[in-house]
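Notes for the one structure printed next.
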Amino acid sequence: KESGDIESVLAVRFAQLFADTGSGFSEEASVISVVGDSDGVKEIAFDLGAFKGAKALKFDPLNGCAIIRLRRIELWTADNKVIMARDCATNGFEENGELFFPTDDPQIHLNIDPRLKDVVKVVIRVEYVATGKEAARRCTGALMDRSGVPSGAISAVSLILNFIRKKI
């Protein structure tokens with residue numbers, strides 16, 4: 001029974017927002033929101049009241065491989081002004097309006113204008129197009145289409161990289 005409980009806890013799908021208040025990104029300066037089991041459009045609100053003076057934000061849309069459409073990111077200030085975030089970088093790649101994350105740690109880094117003070121809430125509207133095994137399959141296919149490299153070669157490179165990471 002205990003292993004089943006652990007598996008169900010590990011299977012919980014969540015999004016996470018990290019706030020850099022000057023010491024870099026850390027789990028201690030983050031907020032988690034459970035996104036549920038179904039794909040589709042979600043509006044996720046993160047309260048940043050405990051992380052005043054954030055200089056940068058990092059949004060992890062899922063704790064696993066994902067393909068998403070980022071619909072909107074709103075930064076709410078203490079005086080109830082809403083600024084639409086547009087300046088971001090990602091560790092995925094974009095194709096036809098979809099962001100592909102062939103990793104179990106997808107990240108979207110948001111730059112915050114230094115003139116923008118006291119962001120207290122972030123509201124993100126995201127569409128989960130594919131997740132888990134389906135996202136991994138589609139990401140691999142998209143990468144092969146982009147590179148022209150056969151899937152066996154990508155798998156071999158992936159195995160070598162994982163071996164090297166374990167040795168470091």
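The values are calculated or read from the model by the stated rules, or taken from the named source; none is laboratory data. Keep in mind the model is a prediction, meaning the values are calculated, not measured. Heads up, the Cβs are rebuilt from the backbone with ideal geometry, glycines too, and the neighbour counts pull from every protein chain shown. The accessibility values were calculated without ligands, DNA or RNA, using every heavy atom of the protein model including side chains. Shrake-Rupley method; radii C 1.70, N 1.55, O 1.52, S 1.80 Å.
Taking N63, is it polar (S, T, N, Q), open to solvent by less than 70 Å² (accessible area, probe 1.4 Å) and assigned to a loop (DSSP other than H, G, I, E, B)?
yes
If I ask for residues that are of a type in the set (A, V, I, L, M), over 19 Å from H109 (Cβ atoms) and under 17 Å from the mean Cα position of the chain (by Cα), which ones from the stretch 32-53 would you list?
V34, V35, V41, A45
Would you please name the residue that is modelled with the lowest pLDDT, looking only at residues in the stretch 1-23 that are open to solvent by 70 Å² or more (accessible area, probe 1.4 Å) and among the β-branched types (V, I, T)?
So, considering only residues that are open to solvent by 70 Å² or more (accessible area, probe 1.4 Å) and among the β-branched types (V, I, T), the one modelled with the lowest pLDDT is I6.
Pick out the one residue from S26, S33, S38 that is hydroxyl-bearing (S, T, Y) and surrounded by 13 or more Cβ atoms within 10 Å (Cβ to Cβ).
Within the list S26, S33, S38, the selection yields S33.
Would you tally the residues in the stretch 114-159 being modelled with pLDDT of 65 or more and in a helix (DSSP H, G or I)?
Of the residues in the stretch 114-159, 16 are modelled with pLDDT of 65 or more and in a helix (DSSP H, G or I).
Search the stretch 84-118 for residues being among the aliphatic types (A, V, I, L, M) and open to solvent by less than 60 Å² (accessible area, probe 1.4 Å), and hand back the single one that is nearest to I67 (Cα to Cα).
Among those residues, the one meeting the criterion is L99.
Residues A56, A66, A29: which one is within 12 Å of the chain's Cα centre (by Cα) and either among the aliphatic types (A, V, I, L, M) or at pLDDT 90 or above (or both)?
So the residue among A56, A66, A29 that is within 12 Å of the chain's Cα centre (by Cα) and either among the aliphatic types (A, V, I, L, M) or at pLDDT 90 or above (or both) is A66.
Can you tell me which residues in the stretch 119-143 are farther than 17 Å from F18 by Cα, among the charged types (D, E, K, R), out of contact with any Phe, Trp or Tyr (no Cβ under 9 Å at 6 or more places or on another chain) and surrounded by 14 or more Cβ atoms within 10 Å (Cβ to Cβ)?
The answer is E127, E134.
Any idea which of A45, A56, A50 is in contact with a His (Cβ under 8 Å, 6 or more places away or on another chain) and either surrounded by fewer than 18 Cβ atoms within 10 Å (Cβ to Cβ) or among the basic types (K, R) (or both)?
Only one candidate passes the filter, namely A56.
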